[in-house]
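To start, the structure under review is shown below, and the notes come after it.
The values are calculated or read from the model by the stated rules, or taken from the named source; none is laboratory data. These numbers were taken from a predicted model, which means no experiment stands behind them. Here the Cβ is made from the backbone with ideal geometry for all residues, glycine too, and neighbour counts use every protein chain on show. The area values use the complete protein model at the heavy-atom level, side chains included, leaving out ligands, DNA and RNA. Shrake-Rupley method; radii C 1.70, N 1.55, O 1.52, S 1.80 Å.
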Amino acid sequence: MQSNRDNEWCPPGHGDLYSALVGTGRLDSLLSSGIKYMFVSNSDNLGATLDLSILTHFATSDAPFMMECCVRTENDKKGGHLAVRECDGQLILRESAMCADEDTPHFQNIEKYKYFNTNNLWIRLDKLKEIVNKFDGFVPLPMIKNMKTVDPKDPDSQKVVQLETAMGAAIECFEGATAITVNRTRFAPVKKSDDLILLRSDAYTITDDFRPVLNPLCNGKAPIVSLDSKCYKMVGDLEKATRYGVPSLVNCTRLTIKGEVWLSRRCIFEGDINLVNTSSEPKFCPGRLFGNSKVDLTAAPGLGPLKPVSVSTSPIEGQKPGTSGLRKKTKIFQSENYLQNFVQSTLNAVVASGTDITEGSLLIGGDGRFFNPEAIQIIVKMAAANGVRRIWIGENGLLSTPAVSAIVRERGPVWQRAFGAFILTASHNPGGPDEDFGIKYNGEHGQPAVESVTNAIFANTKTISSYQTCPGFPEVDISSPGSVTVTNKSKDLSVAVEVISTTDQHVALLKNIFDFPAIKALLSRDDFAMVYDSMHGVNGPYARAVFCGEFGLPEEAMMNSTPKNDFNGGHADPNLTYAKELVAKLGLTKTGEALPVPPGTSVPNFGAAADGDGDRNMILGNSFFVTPSDSLAVIAANANAIPFFASQGGLKSVARSMPTSGAVDRVAKELNLSFFETPTGWKFFGNLMDSKALFGKEDFCPLICGEESFGTGSNHVREKDGIWAVLAWLNILASKQRAGKPLVSVESIVRKHWSHYGRNYYCRYDYEGMDKVGANKMFDKMRADRQANTGRKFGSYEIATADEFQYHDPIDGSVSKQQGIRFLFSDGSRIIFRLSGTAGSGATVRCYLEKYEPDVELHGLTIADALGDLVPVALQLCDIKTFCGTETPTVIT
Ligand code: VG1
Ligand code: CO
């Protein structure tokens with residue numbers, strides 16, 4: 001018989017507890033840490049709390065093992081029970097599977113066998129150890145034989161015998177074992193959907209100490225629920241049917257459902273309710289009060305375009321989100337079920353994290369790269385099938401990453417607030433049919449999914465077996481703002497899709513942050529000219545809305561501001577290598593040195609570039625390159641020129657990623673700001689920004705953070721924000737100008753900064769497209785050599801510490817390991833190696849070099865000269881030539 005081979009395994013039963021305790025060494029470690037008693041129960045028994053009076057009883061009884069039992073009623077007669085073995089008076093447990101057929105009437109006699117096992121067990125660990133020792137490492141439990149099918153979800157699949165052991169059966173192994181009768185409240189198992197729906201309904205309440213108890217309004221009698229076992233067997237079935245909420249059952253005596261009926265929190269059931277649907281598709285029970293009635297929904301209109309279909313799929317390898325979402329070749333994303341698996345895995349993880357996706361809105365937008373429009377339609381259909389009821393999409397599918405964050409945080413009304421967003425971007429990675437595509441999920445505060453969520457997503461991708469979609473959901477016209485509502489025939493179920501402005505929300509937020517009139521005055525000066533290169537990415541519309549719309553700059557100031565789905569064949573990466581056109585215009589070489597300017601040409605005073613999804617920035621002055629690390633430090637040092645910070649009493653904290661230069665550290669020190677060093681990737685800054693709001697800890701906002709990779713931002717959103725950084729620079733520049741005085745330039749601001757704080761010479765070498773295996777070996781080697789490298793000397797350089805960075809999140813306590821190999825030299829210089837987490841294929845090795853120079857006289861060196869003697873040291877330390885076959889970087893920034 002054909003079946004999924006993955007089902008061909010056998011759960012050993014909870015009797016495996018004892019072997020697990022022994023095999024993992026846990027029993028010994030518990031004993032050696034002085035733990036004497038163990039309480040175990042079935043995880044579905046919500047009545048099994050650690051009751052101190054029972055513990056006291058157990059401890060004083062001196063018994064080695066104690067079982068909590070309840071008195072059997074007619075309903076319990078089929079289940080196992082406690083018995084006394086005649087030969088030695090030992091208590092034993094008997095399961096129905098252990099009973100011979102002819103003995104069944106006796107087995108079921110509740111007068112003869114009065115007690116059943118709740119599986120709440122109290123065990124003396126020292127006695128357990130004695131038994132384990134006696135039987136050579138295991139507890140001799142009786143075997144139970146169960147008849148099952150190989151796929152438990154499919155009753156027609158191959159019949160199999162499942163052998164298992166039960167942990168309660170160990171009672172017969174402990175001489176002197178005892179049992180006590182407990183109240184039924186200690187036994188509240190949730191075995192079937194019937195129990196679960198009841199528990200989730202208002203028939204139960206949760207006490208202050210988190211115990212679910214029957215609602216007093218039920219007068220001690222829980223409603224009797226009987227759901228069609230064909231339609232509600234698995235939790236997922238019930239979840240689908242109750243995705244719009246669980247009905248009110250507090251005044252219900254009996255609820256019976258035959259066939260697949262969808263419910264909602266608007267259904268109020270009183271008395272005896274009987275719902276029937278004999279049609280072949282799910283029917284929606286109208287949201288109203290029902291009293292003592294039989295409702296036949298067979299002929300009711302179906303879900304129409306909202307009818308979800310479950311499509312079977314199987315796990316696809318390698319769907320682990322990296323530094324910033326999942327990025328792969330577009331062709332891979334287009335392959336069967338690839339995007340679908342990831343989206344379903346994400347939605348499942350989001351729901352499991354406690355988010356109610358049927359309330360509020362789901363936002364979708366991206367950087368406009370190839371496959372964006374198709375992906376949006378796929379996600380819309382899947383979102384509707386998963387119960388999302390309101391979807392916002394950026395016009396033409398375009399939303400920059402910071403704009404997504406702003407919309408999630410700012411857009412109302414309150415009851416429509418976004419619970420999360422899908423961002424379709426691979427940021428600076430090239431786009432097109434043969435290049436990269438990407439997707440990432442951001443949560444309800446506009447923050448990139450934290451590691452616990454991305455880990456859950458990844459775990460789901462490894463077990464996924466089906467995804468939900470609504471094939472009948474109409475294609476959405478995303479070419480202009482507007483809204484459509486898709487409903488079922490009876491109009492009691494609807495999904496609203498709204499196409500919203502790409503730029504409005506974000507521009508409104510920026511206007512609140514910066515001194516727009518001051519910036520406008522600066523931009524209007526005759527001696528000031530700027531250009532902004534959007535690199536054919538999503539930033540164009542924002543740049544135009546702000547610079548042309550708000551400040552009145554001519555279109556010519558906007559370079560490459562029409563988004564293209566392949567970024568015009570380039571890398572939309574704002575750095576000296578890839579923003580060639582801009583760099584040349586600003587009078588610079590690709591290593592950031594000033595070019596001789598031919599007479600008669602005028603160089604703008606200010607140049608900026610953005611990446612594909614608009615979250616990163618490069619700042620240039622007239623023939624002057626500002627490194628991102630310096631940019632962060634300068635913005636932090638001058639933050640109070642920006643109304644957002646000044647109006648909140650000034651900047652409070654700064655944070656940088658580990659490989660980012662230490663320039664901002666000096667600003668933090670001097671201005672007495674809180675300072676944080678995080679791993680690469682914006683998700684680590686989010687917790688710092690929400691320390692108070694989400695974790696009730698010290699408030700670190702307002703906060704500015706940045707990365708060496710041309711990313712800068714603040715707590716106005718939960719992403720880095722390219723245009724924010726550009727406006728921050730312009731606002732600071734504007735604040736430095738004095739009436740009637742010559743223009744204060746970008747270069748003079750930076751040089752002044754260096755002369756005050758010293759200069760951190762800094763650069764990054766990227767080795768793209770390296771062999772993954774070789775690159776990993778190279779890191780393993782450096783990891784293994786940490787000790788040996790500590791203290792090593794290279795000319796005048798001495799390695800004070802060689803280690804691997806790991807981050808203890810001060811807010812949520814999580815630990816992120818393997819975040820970069822660091823060589824910290826005794827003179828403060830650093831060499832760092834990391835593997836990129838955004839490469840769509842192959843491996844990208846990043847090498848970061850840094851040297852601090854306090855002496856103003858030495859601030860005029862080129863970066864290459866200043867760091868020249870560190871380069872051979874770095875190459876020797878990593879030996880990339882041996883491992884990856886080259887030592888020439890593909891990009892230097
Ligand atoms: C790179 C950068 C990192 C940035 C990330 C996402 O990550 O180094 O600083 O946060 O890209 O930026 P990695 O793991 O490749 O070094 V974006 O604008 O490309 O989403
Ligand atoms: Co980006």
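The table below gives the values:
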read-out: Enumeration of residues in region 536-551 that are on the phi < 0 side of the Ramachandran plot, outside any helix (DSSP H, G or I) and buried (at least 20 other Cβ atoms within 10 Å of the Cβ); value: Gly537, Val538
read-out: Residue check, Arg409 farther than 20 Å from Ala508 by Cα, in contact (Cβ under 8 Å) with a residue 12 or more places away in the chain and open to solvent by 10 Å² or more (accessible area, probe 1.4 Å); value: no
read-out: Selection status of Ala508, modelled with pLDDT of 95 or more, within 36 Å of the chain's Cα centre (by Cα) and surrounded by fewer than 23 Cβ atoms within 10 Å (Cβ to Cβ); value: yes
read-out: Residue that is buried (at least 18 other Cβ atoms within 10 Å of the Cβ), in a helix (DSSP H, G or I) and either aliphatic (A, V, I, L, M) or in contact (Cβ under 8 Å) with a residue 40 or more places away in the chain (or both), where the choices are Leu128, Leu82, Leu93, Leu31; value: Leu128
read-out: Residue within region 515-533 that is under 28 Å from the mean Cα position of the chain (by Cα) and either in a loop (DSSP other than H, G, I, E, B) or over 15 Å from Ile407 (Cβ atoms) (or both) present; value: no
read-out: Candidates Lys692, Lys683, Lys697 - the one that is closer than 24 Å to Ala610 by Cα, open to solvent by 20 Å² or more (accessible area, probe 1.4 Å), within 32 Å of the chain's Cα centre (by Cα) and not polar (S, T, N, Q); value: Lys683
read-out: From the options Gly662, Gly612, residue that is modelled with pLDDT under 95 and closer than 25 Å to Asp766 by Cα; value: Gly662
read-out: Residue in region 560-571 that is open to solvent by less than 20 Å² (accessible area, probe 1.4 Å) and at pLDDT 95 or above present; value: yes
read-out: Options Gly368, Gly322: the member that is within 16 Å of ligand 1 (Cβ to nearest atom) and surrounded by fewer than 21 Cβ atoms within 10 Å (Cβ to Cβ); value: Gly322
read-out: Helices (runs of 4 or more DSSP H) lying entirely in region 718-803 (those with 1 or more residues that are over 28 Å from Gly537 (Cβ atoms) and open to solvent by less than 40 Å² (accessible area, probe 1.4 Å)); value: 746-757, 772-784, 786-789
read-out: Residue identified as assigned to a loop (DSSP other than H, G, I, E, B), of a type outside the set (Asp, Glu) and in contact (Cβ under 8 Å) with a residue 12 or more places away in the chain among Gly176, Gly168; value: Gly176
read-out: Set Asp533, Asp515: member being within 16 Å of ligand 2 (Cβ to nearest atom), modelled with pLDDT of 95 or more and at negative phi; value: Asp533
read-out: Enumeration of residues in region 831-845 that are away from ligand 2 (no atom under 15 Å from the Cβ) and either at pLDDT below 90 or of a type in the set (A, V, I, L, M, F, W, C) (or both); value: Ile831, Ile832, Phe833, Leu835, Ser841, Gly842, Ala843, Val845
read-out: Qualifying residue in region 332-339 (condition: exposed (fewer than 14 other Cβ atoms within 10 Å of the Cβ) and either within 16 Å of ligand 1 (Cβ to nearest atom) or within 30 Å of Gly432 (Cβ to Cβ) (or both)); value: yes
read-out: Restricting region 840-864 to residues that are surrounded by 22 or more Cβ atoms within 10 Å (Cβ to Cβ) and within 16 Å of ligand 1 (Cβ to nearest atom), the residue that is nearest to Arg751 (Cα to Cα); value: Glu850
read-out: Some residue of region 437-460 being surrounded by fewer than 24 Cβ atoms within 10 Å (Cβ to Cβ), of a type in the set (S, T, N, Q) and in contact with a strand residue (DSSP E or B) (Cβ under 9 Å, 6 or more places away or on another chain); value: yes
read-out: Test result for Asn455, within 15 Å of the chain's Cα centre (by Cα), over 26 Å from Ala579 (Cβ atoms), within 16 Å of ligand 2 (Cβ to nearest atom) and among the polar types (S, T, N, Q); value: no
read-out: Qualifying position, being within 28 Å of Thr358 (Cα to Cα) and touching a Pro at 6+ places or on another chain (Cβ under 8 Å), among Ser229, Ser201, Ser193; value: Ser201
